[in-house]
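K.L.:
Here it is, the structure, as structure tokens.
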């Protein structure tokens, strides 16, 4: 059974999903790649992983950025899951590029990976924010796409660097 609820963040509401004890999705309402087949999901605002998520979000938006202390279970292809695992290795306050991630994929698999393929996987990340796809930038440091919107990406990067409080989309 898949459980779902809406959580409030300083960047606007997000829909979250869980199955078992793991978080499976975090989508800002209205973002690209928002799930389509949610009719059989069960509303459960007090589901245990959602309680943990809310505490994590409170800490995160207060500037206490840390890895989640509950399981994440994103659904995707093997390639996507490998890219998402690399995203978890990018420290808060830092960025990486699509090309650098492609090089890591190639080194790990022994097969060439394109920055475009990595970018596609990054864009399909179903647990945005917690799997930090906002930390990936273009080769020249440009702030390229973010499924939740570039305003959110900028706010998240500023928050993680300690530049300014996160205040977009209240």
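None of the figures in this text is laboratory data; all of them are computed from the coordinates on show. Computed from a predicted structure; not experimentally measured. Cβ: placed from backbone, ideal geometry, glycine included. Neighbour counts: every protein chain shown.
K.L.:
From (1) within 15 Å of residue 18 (Cα to Cα); (2) in contact (Cβ under 8 Å) with a residue 24 or more places away in the chain; (3) out of contact with any helix residue (DSSP H, G or I) (no Cβ under 8 Å at 6 or more places or on another chain); (4) surrounded by 12 or more Cβ atoms within 10 Å (Cβ to Cβ), pick out the condition that doesn't hold for residue 68.
P.N.:
(3)
K.L.:
Scan the stretch 101-128 residue by residue and report those that are closer than 26 Å to residue 149 by Cβ, touching a strand residue (DSSP E or B) at 6+ places or on another chain (Cβ under 9 Å) and in a helix (DSSP H, G or I).
P.N.:
101, 115, 118, 119, 122
K.L.:
Report yes if residue 11 is in contact (Cβ under 8 Å) with a residue 60 or more places away in the chain, closer than 13 Å to residue 126 by Cα and touching a helix residue (DSSP H, G or I) at 6+ places or on another chain (Cβ under 6 Å), otherwise no.
P.N.:
No, not satisfied.
K.L.:
Given the residues 145, 141, 149, which is the only one that is farther than 17 Å from residue 77 by Cα, out of contact with any helix residue (DSSP H, G or I) (no Cβ under 9 Å at 6 or more places or on another chain) and surrounded by 15 or more Cβ atoms within 10 Å (Cβ to Cβ)?
P.N.:
Exactly one of 145, 141, 149 is farther than 17 Å from residue 77 by Cα, out of contact with any helix residue (DSSP H, G or I) (no Cβ under 9 Å at 6 or more places or on another chain) and surrounded by 15 or more Cβ atoms within 10 Å (Cβ to Cβ), namely 149.
K.L.:
Answer yes or no: is there a residue in the stretch 40-58 that is closer than 30 Å to residue 140 by Cα and within 15 Å of the chain's Cα centre (by Cα).
P.N.:
no
K.L.:
Can you name every residue in the stretch 85-100 that is touching a residue at least 24 places away in the same chain (Cβ under 8 Å) and in contact with a strand residue (DSSP E or B) (Cβ under 9 Å, 6 or more places away or on another chain)?
P.N.:
87, 88, 90, 95, 96, 97, 98 - these are the residues of the stretch 85-100 that are touching a residue at least 24 places away in the same chain (Cβ under 8 Å) and in contact with a strand residue (DSSP E or B) (Cβ under 9 Å, 6 or more places away or on another chain).
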